[in-house]
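For reference, the structure is listed below as structure tokens.
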Amino acid sequence: VKELASLSLLSSACDVLSAAHASSQESQPCLSALSVCDPAEQGVQSVTEATTSHVQPVLATLEPHVAAVSEYAAKGLDKLGEKLPLLPKPVEQILSDSKELLSARVAEVKEAVSS
């Protein structure tokens, strides 16, 4: 899970979502004034805390198996990273690269049509 969370694409996507969430609360007074999201956020937080406290003892007994699965998952992520070069890149870079590629293709089409 730590290795998956450390992927630039995933962490930057989470950062973008977090920024969008904060921005929507700031720009939509009704959301922040009514605290519509607060109960949901608190509910998710309390479920996470309860799950963590209950799962921790189980994980301690399953630690050798978890280590084996973790190693297998890490190898799978490495192979996936080799086949999908976008994974280690942040979202902003992927968008920038996509825009540049699209602009180049549009320019090529314009040139072909004009000639």
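Conditions (1) open to solvent by less than 80 Å² (accessible area, probe 1.4 Å); (2) at pLDDT below 70; (3) not charged (D, E, K, R), marked per residue:
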{"site": "16", "(1), (2), (3)": "yes, no, yes"}
{"site": "20", "(1), (2), (3)": "yes, no, yes"}
{"site": "27", "(1), (2), (3)": "yes, no, yes"}
{"site": "34", "(1), (2), (3)": "no, yes, yes"}
{"site": "45", "(1), (2), (3)": "no, no, yes"}
{"site": "62", "(1), (2), (3)": "yes, no, yes"}
{"site": "67", "(1), (2), (3)": "yes, no, yes"}
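Return yes or no: is residue 41 acidic (Asp, Glu), open to solvent by 60 Å² or more (accessible area, probe 1.4 Å) and modelled with pLDDT of 70 or more?
Numbers: acidic (Asp, Glu): yes; open to solvent by 60 Å² or more (accessible area, probe 1.4 Å): yes; modelled with pLDDT of 70 or more: no.
Answer is no for this residue.
Is it the case that some residue within the stretch 97-106 is small (Gly, Ala, Ser), modelled with pLDDT under 80 and assigned to a helix (DSSP H, G or I)?
Taking the stretch 97-106 and keeping what is small (Gly, Ala, Ser), we get 98, 103-104.
With the extra rule that they be modelled with pLDDT under 80, the set shrinks to none.
Checked against the condition, which is being small (Gly, Ala, Ser), modelled with pLDDT under 80 and assigned to a helix (DSSP H, G or I), the stretch 97-106 yields no hits at all.
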Residue match in the stretch 79-95 (condition: touching a residue at least 40 places away in the same chain (Cβ under 8 Å), of a type in the set (Val, Ile, Thr) and either in contact with a strand residue (DSSP E or B) (Cβ under 7 Å, 6 or more places away or on another chain) or open to solvent by less than 70 Å² (accessible area, probe 1.4 Å) (or both)): yes
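The values are calculated or read from the model by the stated rules, or taken from the named source; none is laboratory data. Just so we're clear, the structure is a prediction, and the values are computed from it rather than from any experiment. Heads up, the Cβs are rebuilt from the backbone with ideal geometry, glycines too, and the neighbour counts pull from every protein chain shown. Each accessible area value is taken on the protein alone, full model and side chains, heavy atoms only, with ligands, DNA and RNA left out. Shrake-Rupley method; radii C 1.70, N 1.55, O 1.52, S 1.80 Å.
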